[in-house]
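None of the figures in this text is laboratory data; all of them are computed from the coordinates on show. Since the model is a prediction, treat every value here as computed from it, not as a measurement. Heads up, the Cβs are rebuilt from the backbone with ideal geometry, glycines too, and the neighbour counts pull from every protein chain shown.
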């Protein structure tokens with residue numbers, strides 16, 4: 001199940017994200033969700049995020 005998160009970004013960060021999303025032909029929210037997912041995966045690989053069970057991935061595919 002997906003969850004919604006509302007966040008506030010600095011104007012410069014949002015504008016950069018907007019340009020990036022436009023270049024990729026995707027919505028800003030979709031790109032932001034993808035980037036957060038990748039950051040969580042990386043943090044888990046680096047063992048910065050404890051999971052319920054060590055071998056259980058946080059991000060489901």
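Pairs linking a residue in the range 20-48 that is over 20 Å from residue 3 (Cβ atoms) to a residue that is assigned to a helix (DSSP H, G or I), with Cβ atoms under 7 Å and 6 or more positions apart or on different chains, are 20/31; 21/28; 21/31; 24/31. Within the range 1-14, the set of residues being surrounded by fewer than 12 Cβ atoms within 10 Å (Cβ to Cβ) and not in a loop (DSSP other than H, G, I, E, B) comprises 11, 12, 13.
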